[in-house]
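The values are calculated or read from the model by the stated rules, or taken from the named source; none is laboratory data. Remember, it's a predicted structure, so these values are computed and weren't measured experimentally. Note that we place each Cβ from the backbone using ideal geometry, even for glycine, and neighbour counts take in every protein chain shown.
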């Protein structure tokens, strides 16, 4: 089954403690991205990746890092989480670089930073 | 990247047709128009995509006028389960997807 898998689904952590949210897709998609969603603000893009070793900033990249060492994985790293990074996070993938492509989203990761 | 404008919210009743319009005045020649649906605490789900004129699938229709500066998502005979947030995206060949705030549709019994 084609899917995007995020882990963990829920995470409560303390300020300053490094964490990684993993994202994996099994569709051999080139394009992957991370979003955060906060009440009233819709989905805001954090980072995206056009292919392996190619990443770029989205609209709200501050406080986040990503890496794309393999095509299927696109982890989101919070080196020193702060309470303002409490949010619902979504990973997405799509074929990219093609007309009429559809994106697939993971189930979401609800992060609370205390 | 073309910016989109949608109504913040809409209300409807079961069985009615709902039309949600999206404005994208700066759409580029290579841009496609795509609509996603999102339920609370779930990732967005693809609904429909088009380039010009009209596209129809099993869940919705998408109407795009000749100038492509706007588009209308049409949901026929909505039910309570269609209550969700609907996003209009305009994307180019590189598929850089930026979501706006979307339109919150509430379907009432």
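Figures for the structure shown
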quantity	calculated
Total residues in the range A:8-43, condition assigned to a loop (DSSP other than H, G, I, E, B), more than 14 Å from chain B (Cβ to nearest Cβ) and on the phi < 0 side of the Ramachandran plot	6
Count of the range A:38-74 residues which are buried (at least 18 other Cβ atoms within 10 Å of the Cβ), closer than 18 Å to residue A:4 by Cα and within 12 Å of the chain's Cα centre (by Cα)	9
Number of the exception - residue B:73 against (1) surrounded by 20 or more Cβ atoms within 10 Å (Cβ to Cβ); (2) within 14 Å of another protein chain (Cβ to nearest Cβ)	(2)
Top-ranked residue in the range B:21-54 [being under 10 Å from residue B:68 (Cα atoms) and surrounded by fewer than 18 Cβ atoms within 10 Å (Cβ to Cβ); ranked as modelled with the highest pLDDT]	B:23
Condition met for residue A:46 (out of contact with any helix residue (DSSP H, G or I) (no Cβ under 8 Å at 6 or more places or on another chain), farther than 16 Å from residue B:98 by Cα and either within 14 Å of another protein chain (Cβ to nearest Cβ) or not in a loop (DSSP other than H, G, I, E, B) (or both))	no
Pick from the range B:55-70, criterion over 18 Å from residue B:98 (Cα atoms) and more than 13 Å from the chain's Cα centre (by Cα), ranking: surrounded by the most Cβ atoms within 10 Å (Cβ to Cβ)	B:68
Residue count, the range A:56-97 (criterion: more than 25 Å from residue B:37 (Cβ to Cβ), modelled with pLDDT of 95 or more and within 14 Å of chain B (Cβ to nearest Cβ))	1
Unique residue being buried (at least 21 other Cβ atoms within 10 Å of the Cβ), within 14 Å of chain A (Cβ to nearest Cβ) and in contact with a strand residue (DSSP E or B) (Cβ under 9 Å, 6 or more places away or on another chain) when the list is B:91, B:100	B:91
Subset of the range A:75-87 that is in a loop (DSSP other than H, G, I, E, B) and in contact (Cβ under 8 Å) with a residue 60 or more places away in the chain - its residue that is surrounded by the most Cβ atoms within 10 Å (Cβ to Cβ)	A:81
Residue within the range A:12-24 that is under 17 Å from residue B:41 (Cα atoms) and surrounded by fewer than 16 Cβ atoms within 10 Å (Cβ to Cβ) present	yes
Qualifying residues in the range B:76-85 (those that are part of a helix (DSSP H, G or I) and in contact (Cβ under 8 Å) with a residue 60 or more places away in the chain) - the one surrounded by the most Cβ atoms within 10 Å (Cβ to Cβ)	B:82
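Matching residues to (1) in a loop (DSSP other than H, G, I, E, B); (2) in contact (Cβ under 8 Å) with a residue 60 or more places away in the chain:
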site	(1), (2)
B:16	yes, yes
B:30	yes, yes
B:41	yes, no
B:47	no, no
